[in-house]
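Encoded as structure tokens, the structure appears first; notes follow it.
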Amino acid sequence: MDDPPEGAGTPRDRAGQLASRLHEMQMQLQDIERELAALRRSREGAADDDEHDPDGVPLSEQWSRLEGLRLARLEALAGIDDATERLARGEDGVCRSCGNLIAPARLAVRPEVTTCIDCAP
């Protein structure tokens, strides 16, 4: 790709967006992993059944929610790595499905996306 799409910014701008998103996802992942560790510690040695605890959310539900968030952040990190590689190859901002340009506004919000809005799942 010779020139970035109008309004998408320079490759340096895009690299900055990706670096910012990477940092954001890494910080969120650390927070989630801390919460999971605390939850794990709270269950050490406990054999009680919290599924029927009327006073709160079952630990299994908390665990499931946090694990889902953790997996989503790991997926986002992989997407950011992939986007960084695409940027280095000059393929940044091009939809993998149809080959059209991805809207700059879409890239600004989620710099790791691989599809335009029309091809988004």
Query raised in the report: Length gain on complete extension for the stretch residue 12 to residue 74, per 0.36 nm per residue less the alpha carbon to alpha carbon distance?
Result: 19.9 nm
Requested in this report: Please get the size of the charge dipole for the range 11-92, origin at its Cα centre, with Cβ charges of +1 on Lys and Arg and -1 on Asp and Glu, quoted in debye to the nearest 20.
Outcome: 600 debye
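Expressed in nm to one decimal, what extension gain is obtained for the pair residue 38 and residue 82 from 0.36 nm per residue of sequence separation less their Cα-Cα distance?
Contour length minus Cα-Cα distance gives 12.7 nm.
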Query raised in the report: residue 21: net charge of surrounding residues, Cβ under 10 Å, Lys/Arg +1, Asp/Glu -1, itself excluded?
Result: -1
Report summary line: Taking the range 11-92, the whole-percent share of alpha-carbon pairs separated by over 21 angstrom is 46 percent
Requested in this report: Please find the FRET efficiency linking residue 64 to residue 120, where r is the Cβ-Cβ separation and R0 is fixed at 35 Å, and quote it to the nearest 0.05.
Outcome: 0.85
Query raised in the report: Considering only the other residues whose Cβ falls under 12 Å of the Cβ of residue 33, what net charge follows from Lys and Arg at +1 and Asp and Glu at -1?
Result: +1
**Report entry** Sites residue 26 and residue 98 - FRET efficiency at Förster radius 35 Å, r taken between beta-carbons, to 0.05
**Finding:** 0.65
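A short reminder: the numbers here are calculations on the coordinates, not readings from a lab. Because the structure is a prediction, the values reported are computed rather than measured. Using ideal geometry, Cβ is built from the backbone for each residue, glycine included, and neighbour counts are taken over all protein chains shown.
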